[in-house]
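First the structure, in the form of structure tokens, and then the observations on it.
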Amino acid sequence: MSAFNLPITLTWFRIIAIPLVAIAFYLPFEWGRPVSAALFILAGLTDWLDGWLARRWNQTTPFGAFLDPVADKLIVAIALVILVHDAGRMPIDSAELLLTATAAVIIGREITVSALREWMAHLGARARVAVSPIGKSKTIVQMVGISMMLFSVPLMGVPIYELGFLLLLAAAVITLWSMFDYLRAAWPELRASTRMPDQG
């Protein structure tokens, strides 16, 4: 089976979109940030679509299984870095520090869970830390919040940026919840691996 099927092409689009999101965000035009948000949303939609197509058309590949989560985590991490860099414009006192801490929680969780899944796969127990409904909820709230913050511009008087920030805070809480849920599921393996040989 060719590695360059439509699902993988969509995943590659998500990676190509990363610099485009950043470039559009920093363009000195009013439409720059809405375009950045639109690209981010489109990339998020391809995340769902490429997985659905791969399963429906039986085009899942080891390379696709590797590339898909890499693309997801890269675009979220870069978007968060952009937002933290831009946090000085936030009208809320101490919000810059709070946004930085929120981004650190989200990125730190992704690194932790990715490492946990790799380790569990090495033990042949990756199914225990498969994507859960909590993890899916986290992704939805996180993507909507980031999209709104990238959009930045108030829409018909609605403070889009501030609402997105609140959603991102909620995503950070769900992020920690989902991380502890995965760690709890992996705890029997974690506990067994830390026993000394004479502990049986």
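Structure notes:
- Considering 111, 146, 107, 140, the condition of being part of a helix (DSSP H, G or I) and in contact with a Phe, Trp or Tyr (Cβ under 7 Å, 6 or more places away or on another chain) is satisfied by 146 alone.
- All told, residue 98 falls short of being part of a helix (DSSP H, G or I), modelled with pLDDT of 80 or more, under 16 Å from the mean Cα position of the chain (by Cα) and within 17 Å of residue 145 (Cβ to Cβ).
- Answer residue from the stretch 23-40, given it is surrounded by fewer than 17 Cβ atoms within 10 Å (Cβ to Cβ) and either in contact (Cβ under 8 Å) with a residue 40 or more places away in the chain or touching a Gly at 6+ places or on another chain (Cβ under 9 Å) (or both) and is nearest to residue 60 (Cα to Cα) among those: 23
- Only residues that are in contact with a helix residue (DSSP H, G or I) (Cβ under 7 Å, 6 or more places away or on another chain) and assigned to a helix (DSSP H, G or I) were counted in the stretch 150-181, giving 20.
- For the stretch 157-189, taking the residues that are more than 25 Å from the chain's Cα centre (by Cα) and either within 25 Å of residue 37 (Cα to Cα) or not acidic (Asp, Glu) (or both), the one that is modelled with the lowest pLDDT is identified as 188.
- Pairs are defined by a Cβ separation below 8 Å, a sequence spacing of at least 6 or placement on different chains, a first member in the stretch 161-188 that is closer than 10 Å to residue 145 by Cβ, and a second member that is basic (Lys, Arg) and in a helix (DSSP H, G or I); the pairs so defined are 171/138.
- Selection status of residue 77, more than 14 Å from the chain's Cα centre (by Cα) and part of a helix (DSSP H, G or I): no
The values are calculated or read from the model by the stated rules, or taken from the named source; none is laboratory data. These figures come from a predicted structure and were not determined experimentally. Reconstructed Cβ throughout: ideal geometry from the backbone, glycine too, with neighbour counts over all protein chains shown.
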